[in-house]
Amino acid sequence: MNPVRIGILGLGTVGTGTLTVLERNAEEISRRTGCPIVVRKAAVKHLSKSRAPIVDRIELTDNPWQVVESADIDIVVELIGGEQPAYDYVAGALQNGKHVVTANKELIAVRGNELFEFAQRQSLVIGFEAAVGGGISIIKAIREGLAGNRIQSLVGIINGTSNYILTGMKEMQASFDEILKQAQEKGYAEADPAFDVEGVDAVHKISILASIAFGIPLQSIENIYRGGIGEITYEDICYAEELGYRIKPLAIAKHAEQGIEVRVHPSLVPHQRLLAKVDGVMNAVLVTGDAVGRTLYYGAGAGSEPTASAVVADLVDVVRASKTEPDGRVPPLAFRPGPASSCPMLPMSKVVSANYLRMHAINQAGVLADVTKILGNHEISIESIIQKSSGVHEDMVPVVIVTQETQEENIAAAVEQIEDLNTVVGRIIRIRINELS
Ligand SMILES: NC(=O)c1ccc[n+]([C@@H]2O[C@H](COP(=O)([O-])OP(=O)(O)OC[C@H]3O[C@@H](n4cnc5c(N)ncnc54)[C@H](OP(=O)(O)O)[C@@H]3O)[C@@H](O)[C@H]2O)c1
């Protein structure tokens with residue numbers, strides 16, 4: 001049994017976890033693949049950095065091309081992150097006839113279409129299970145386990161940092177900034193948290209899941225609607241609770257009759273739903289198929305060994321696939337190359353949802369009548385209204401309105417007009433409601 005030889009680019013959180021899992025579970029892994037997997041070489045950026053003792057047994061270089069072009073390596077594992085220079089190394093590995101495993105959602109979401117096409121021409125495999133949902137095998141579940149279904153929708157909490165912050169705000173009765181700072185201290189949020197809290201990371205991931213679920217090419221990131229969690233206050237969390245909801249950072253992909261919706265934004269979710277109970281850094285994805293009904297996948301969406309679990313599973317798959325004819329392999333994006341789904345993408349303006357609106361209004365008669373008149377003019381029905389007796393300032397009252405379902409373009413136009421009223425102060429906070437029904 002000749003060993004399969006791998007080279008790793010990046011020995012940070014996930015790279016070190018991958019070394020650990022490969023070493024600790026070597027026997028089980030080789031019984032699954034039929035041969036041992038050995039790490040021949042790894043590349044890092046800073047050779048002088050102090051590292052976990054397990055790294056001492058690996059030959060290190062600070063030149064990734066020495067891994068990518070090495071004749072001694074069969075599979076390159078890319079764990080650097082970001083689009084560049086990761087793209088150059090992955091493309092270089094494919095050019096050098098090596099299979100690739102990566103945990104890099106940005107790379108797959110942004111450059112995946114071309115990388116998969118190139119890999120297919122070379123009869124090579126790219127594994128990317130760890131790119132979405134960390135340790136949860138969500139890609140394999142949709143691509144293989146649900147292959148008999150028409151997937152109807154995916155609704156997921158797939159950014160642990162945003163979920164940690166919203167959960168922390170609720171539990172600690174604290175502001176966004178306070179919990180973000182705490183998340184950074186605990187290593188759950190980057191020094192620059194924009195990618196996570198503004199929804200970019202979740203957009204990368206839902207683009208990948210939508211492609212696998214619906215047989216569409218990976219969408220240009222700019223075409224996916226994205227809303228962050230930065231405007232949500234502790235006040236909103238309390239009002240949502242009062243109304244029977246939790247606020248969750250949702251990524252949504254839906255195959256509706258009129259078209260395919262793909263979007264990322266915080267949403268109010270009924271508190272009795274399982275997704276509402278997914279707290280902290282945990283991830284979960286609710287997948288609905290026409291045959292299977294609802295299925296829920298839950299687990300650690302990040303972390304050293306949970307993510308390594310998915311990386312190593314991909315390695316096992318790649319070793320197995322490398323022993324089969326290319327035509328018999330599982331297509332990376334679930335569907336065989338050919339005509340993509342003809343279903344159009346639905347523009348965000350046509351998406352339908354109920355909405356939570358919070359505003360501060362001047363405490364005088366007739367204000368609510370003006371607001372409800374504008375909503376009525378846009379054919380938006382009101383489900384409920386909460387008006388508190390006093391707000392932060394005595395002359396103003398917080399008003400929360402829950403609307404029934406309406407198209408985005410209607411509610412956006414109505415909100416703009418309400419904000420123009422002299423009696424409404426500042427911006428209106430709007431959060432969509434997803435009943436998950
Ligand atoms: N962390 C998670 O929980 C998690 C979960 C799911 C997916 N992912 C994905 O996994 C990938 C790796 O994430 P991570 O958290 O392990 O990152 P990380 O801890 O920042 O590690 C990155 C590694 O890449 C090396 N590196 C950076 N630039 C390089 C370059 N130009 N040449 C060679 N090596 C370079 C770094 O070297 P030095 O050590 O010398 O600095 C480091 O070892 C990313 O795509 C990430 O999105 C991470």
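Yes/no per residue for (1) surrounded by fewer than 19 Cβ atoms within 10 Å (Cβ to Cβ); (2) in contact with a strand residue (DSSP E or B) (Cβ under 7 Å, 6 or more places away or on another chain); (3) in a strand (DSSP E or B):
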residue: Leu357; (1), (2), (3): no, yes, yes
residue: Gln364; (1), (2), (3): yes, no, no
residue: Ala369; (1), (2), (3): yes, no, no
residue: Thr372; (1), (2), (3): yes, yes, no
residue: Gly376; (1), (2), (3): yes, no, no
residue: Glu383; (1), (2), (3): yes, yes, yes
residue: Pro398; (1), (2), (3): yes, yes, yes
residue: Ile401; (1), (2), (3): no, yes, yes
Among the residues of segment 137-165, which ones are in contact with a strand residue (DSSP E or B) (Cβ under 7 Å, 6 or more places away or on another chain) and of a type in the set (Lys, Arg)? Arg150
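Looking at segment 273-280, can you tell me whether even one residue there is touching a Pro at 6+ places or on another chain (Cβ under 9 Å), at pLDDT 95 or above and under 24 Å from Tyr225 (Cα atoms)?
If we filter segment 273-280 for residues that are touching a Pro at 6+ places or on another chain (Cβ under 9 Å), which is where we start, we get 276.
So of that shortlist, the ones also at pLDDT 95 or above come out as 276.
After this cut, where a residue has to be under 24 Å from Tyr225 (Cα atoms) as well, the list is 276.
Yes, segment 273-280 contains at least one residue that is touching a Pro at 6+ places or on another chain (Cβ under 9 Å), at pLDDT 95 or above and under 24 Å from Tyr225 (Cα atoms).
To keep it simple, each residue is scored yes or no on (1) within 16 Å of the ligand (Cβ to nearest atom); (2) touching a Lys or Arg at 6+ places or on another chain (Cβ under 7 Å).
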residue	(1), (2)
Ser123	no, no
Glu129	yes, yes
Asn149	no, no
Gly156	yes, no
Asn159	yes, no
Ala191	yes, no
Condition first: more than 8 Å from the ligand (Cβ to nearest atom), touching a residue at least 40 places away in the same chain (Cβ under 8 Å) and touching a Ser or Thr at 6+ places or on another chain (Cβ under 8 Å). Now tell me which residues in segment 77-111 satisfy that. Val77, His99, Ile108, Ala109
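Being in the same structural domain as Pro270 (by TED's automatic domain parsing), outside any helix (DSSP H, G or I) and at pLDDT 95 or above is the requirement here; does Glu231 meet it?
Numbers: in the same structural domain as Pro270 (by TED's automatic domain parsing): yes; outside any helix (DSSP H, G or I): yes; at pLDDT 95 or above: yes.
Yes; evaluated as a whole, the condition is true for this residue.
Every residue, every condition in (1) in a helix (DSSP H, G or I); (2) touching an Asp or Glu at 6+ places or on another chain (Cβ under 7 Å); (3) surrounded by fewer than 15 Cβ atoms within 10 Å (Cβ to Cβ); (4) in contact (Cβ under 8 Å) with a residue 12 or more places away in the chain, yes or no:
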site	(1), (2), (3), (4)
Leu47	no, yes, yes, yes
Asp72	no, no, yes, yes
Glu114	yes, no, yes, no
Glu117	yes, no, yes, yes
The condition from (1) of a type in the set (A, V, I, L, M); (2) surrounded by fewer than 20 Cβ atoms within 10 Å (Cβ to Cβ); (3) in contact with an Asp or Glu (Cβ under 7 Å, 6 or more places away or on another chain) that Ala86 misses is numbered (2)
Report, by residue number, each residue of segment 290-308 that is within 8 Å of the ligand (Cβ to nearest atom) and over 15 Å from Ser137 (Cα atoms). Ser304
Condition first: surrounded by 18 or more Cβ atoms within 10 Å (Cβ to Cβ), within 24 Å of the chain's Cα centre (by Cα), within 16 Å of the ligand (Cβ to nearest atom) and at positive phi. Can you find one or more residues in segment 309-332 that meet it? no
Scan (1) more than 13 Å from Leu315 (Cβ to Cβ); (2) more than 12 Å from the ligand (Cβ to nearest atom); (3) not in a helix (DSSP H, G or I) for the single condition Arg31 breaks and write down its number. (3)
Under 7 Å between Cβ atoms, which residue pairs at least 6 apart in sequence (or on different chains) link something in segment 3-20 that is farther than 22 Å from Leu94 by Cβ and assigned by TED's automatic domain parsing to the domain that holds Val311 with a partner that is crowded, with 24+ Cβ neighbours inside 10 Å and β-branched (Val, Ile, Thr)? Gly17/Thr307
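Being free of Cβ contacts under 8 Å to residues at least 24 places away in the same chain and surrounded by fewer than 18 Cβ atoms within 10 Å (Cβ to Cβ), is that true of even one residue in segment 280-295? Explain how you work it out, then say what you get.
Of the residues in segment 280-295, the ones free of Cβ contacts under 8 Å to residues at least 24 places away in the same chain are 293-294.
In the following step, the residues that additionally are surrounded by fewer than 18 Cβ atoms within 10 Å (Cβ to Cβ) were identified as 293-294.
Yes, some residue in segment 280-295 is free of Cβ contacts under 8 Å to residues at least 24 places away in the same chain and surrounded by fewer than 18 Cβ atoms within 10 Å (Cβ to Cβ).
Within segment 237-244, identify whether any single residue is of a type in the set (Phe, Trp, Tyr) and within 16 Å of the ligand (Cβ to nearest atom), and answer yes or no. Can you show your working first?
Of segment 237-244, the ones of a type in the set (Phe, Trp, Tyr) are 239.
So of that shortlist, the ones also within 16 Å of the ligand (Cβ to nearest atom) come out as none.
Within segment 237-244, not a single residue is of a type in the set (Phe, Trp, Tyr) and within 16 Å of the ligand (Cβ to nearest atom).
Output the residue which, of all residues in segment 239-258 that are farther than 17 Å from Ile401 by Cβ and more than 21 Å from the chain's Cα centre (by Cα), is surrounded by the fewest Cβ atoms within 10 Å (Cβ to Cβ). Spell out the reasoning first.
Within segment 239-258, the first condition is being farther than 17 Å from Ile401 by Cβ, and the residues that meet it are 246, 248-258.
Remaining after also requiring more than 21 Å from the chain's Cα centre (by Cα): 257-258.
On the way: Glu257: 6, Gln258: 12.
Residue satisfying both the conditions and the ranking: Glu257.
The values are calculated or read from the model by the stated rules, or taken from the named source; none is laboratory data. None of the values given here were measured: they were computed from a predicted structure. Every residue, glycine among them, receives a Cβ derived from its backbone with ideal geometry; neighbour counts consider all protein chains shown.
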